[in-house]
1. Past 26 Å, Cα to Cα, is the threshold; run K81/K117; K61/K81; K81/K118; K53/K104; K67/K118 against it and keep the listed order.
2. How high is the relative contact order of the range 41-133? Use alpha-carbon pairs under 8 Å, at least six apart in sequence, and give a whole percent.
3. Placing +1 at every Lys and Arg Cβ and -1 at every Asp and Glu Cβ, with all other atoms neutral, what dipole size does the range 43-150 have around its Cα centre, in debye to the nearest 20?
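Nothing in this text is a laboratory measurement; each read-out follows from the coordinates by a stated rule. Everything numeric in this text was worked out from a predicted model, so none of it was measured. Here the Cβ is made from the backbone with ideal geometry for all residues, glycine too, and neighbour counts use every protein chain on show.
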Amino acid sequence: MNRLLPLLLLLMILSSCKSKKNYSSKTQPKRSLNVTADSKPGEEAMAIVDYAKTFDGTRYKYGGTTKRGMDCSGLIYTSFKAHDISLPRTTRDLSSTGDWVDLKEVTIGDLVFFATKKNSRKVNHVGIVTDVRPGHVEFIHASTSQGVIISSLAERYWYFAFVQARRIL
């Protein structure tokens, strides 16, 4: 039993918020995101995204919520909490919070959810939309390999891992 606990802990750490390296534009999907940039983000959404960007470059740490280390749901939890918005702490609980939003309607401050495990559509990763232009969505998140970074849904890996978007504000 004593040997099983560290093994289970290691397995949890390795399976959460998994990310891959960024893909080059050569491997972008041929399908379009069909995103429009019609809706304007509110001041509060912009402030939350700006706060999240202060963590850019922070190393990944499972369960972390500070500049010393952060995981994907910790980034969302901390960014919204700094603006007096209380959210669940886990990616799974966040994935049922707020209102479902069609990808074509996402705006800055919305949450995007991904299933990064092979052959699974179970949500295990989350990010905050930082920029929306026609056909292009960028989001900030904490990846296990690179820490807190900004990525694009146009990258093949994220495009195919995308599951849903939700609006909190």
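1. The pairs that break the limit, which is 26 Å between Cα atoms, are K81/K117; K81/K118; K67/K118.
2. 25 percent
3. 760 debye
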